[in-house]
1. What do you reckon, is R48 basic (K, R) and buried (at least 17 other Cβ atoms within 10 Å of the Cβ)?
2. R78 fails exactly one of the following numbered conditions: (1) modelled with pLDDT under 95; (2) closer than 26 Å to I138 by Cα; (3) not in a loop (DSSP other than H, G, I, E, B). What is the number of that condition?
3. So which of D52, D27, D31 ends up being outside any loop (DSSP other than H, G, I, E, B) and either under 14 Å from the mean Cα position of the chain (by Cα) or closer than 18 Å to Y126 by Cα (or both)?
4. So which residues in the range 195-223 are small (G, A, S) and farther than 21 Å from E183 by Cα?
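The values are calculated or read from the model by the stated rules, or taken from the named source; none is laboratory data. Since the structure is predicted, the reported quantities are computational estimates derived from the model, not experimental observations. Cβ atoms come from the backbone with ideal geometry, glycine included; neighbour counts cover every protein chain shown.
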Amino acid sequence: MTDVLPPPPWKKPRRAPSPAREPLSADKIVDAAFKVLDAEGLDAVSMRRVADELNTGAASLYAHVANKEELLELIRERVLSEIQLPEPDPARWQQQLREVASEIQRAYANHRDIARLSLGTIPVGYHALRMGEGLLAIMLAGGVPPNVAALATDRIALYVAADSYEGALIVSRHGLDAADASERFQARLKEIHEYYRTLPRDKFPSLTTHVDELIQADSDERFAFGLDMLIRSLATYTES
């Protein structure tokens with residue numbers, strides 16, 4: 001019957017029970033880290049910031065993720081896990097290299113400046129090693145000598161990461177999202193085009209004559225061209 005009585009003024013009201021939280025896991029922490037990454041960029045990803053995203057304290061994350069370094073490795077591994085690797089085909093090895101490299105580049109492009117995680121590191125995660133194994137196996141199947149294929153695996157990975165990271169830098173410098181950045185960057189290219197045309201022709205005859213060719217290709221065309229240069233050069237090493 002006490003529930004029908006008004007509470008005495010000196011008695012503190014009971015706190016409403018907090019809603020039950022879902023238990024933390026490494027996967028949930030990585031999910032939250034991606035939300036921070038995609039919204040704010042890689043520099044914003046920290047244990048404290050991810051904990052805020054999960055509405056918990058940073059200390060609770062350490063039971064599942066050792067530190068920020070491991071968190072960043074898990075993020076990179078999640079992205080690379082999306083990449084499908086083909087069974088090496090000696091007749092299609094060059095096209096297979098293009099397809100895998102392009103798929104990695106697209107995966108990086110979906111997550112702002114995540115490509116930076118692949119620069120200055122040696123792969124040790126399962127999916128990073130899987131990428132290295134896949135690229136190496138494709139080249140070996142195509143007759144590329146092992147020493148050349150080993151170096152090319154590193155150079156192709158570096159090219160893809162560097163190109164992807166440059167794309168992220170363009171977005172961060174010229175707009176809030178990819179579409180906005182692309183529009184602003186194209187406007188800047190038009191300004192550069194006009195500026196190059198005003199350069200003294202006697203000092204810069206090649207630049208002023210071929211300014212159209214210099215800026216005509218978009219980022220996808222430039223990536224494909226650079227990748228094609230690498231792969232065509234590899235073909236000159238193939239064993240006859």
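1. no
2. (1)
3. Only one candidate passes the filter, namely D27.
4. The answer is S206, and nothing else.
Residues checked against (1) hydroxyl-bearing (S, T, Y); (2) modelled with pLDDT of 90 or more; (3) under 28 Å from Q105 (Cα atoms):
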{"residue": "A179", "(1), (2), (3)": "no, no, yes"}
{"residue": "S182", "(1), (2), (3)": "yes, no, yes"}
{"residue": "A187", "(1), (2), (3)": "no, no, yes"}
{"residue": "K190", "(1), (2), (3)": "no, no, yes"}
{"residue": "Y196", "(1), (2), (3)": "yes, yes, no"}
{"residue": "D202", "(1), (2), (3)": "no, yes, no"}
{"residue": "S206", "(1), (2), (3)": "yes, yes, no"}
{"residue": "D218", "(1), (2), (3)": "no, no, yes"}
{"residue": "E221", "(1), (2), (3)": "no, yes, yes"}
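Rundown of residues vs (1) exposed (fewer than 13 other Cβ atoms within 10 Å of the Cβ); (2) in contact (Cβ under 8 Å) with a residue 60 or more places away in the chain; (3) in contact with a Pro (Cβ under 8 Å, 6 or more places away or on another chain), yes/no style:
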site	(1), (2), (3)
G125	no, no, no
L140	no, no, yes
V148	no, yes, no
A152	no, yes, no
E166	no, no, no
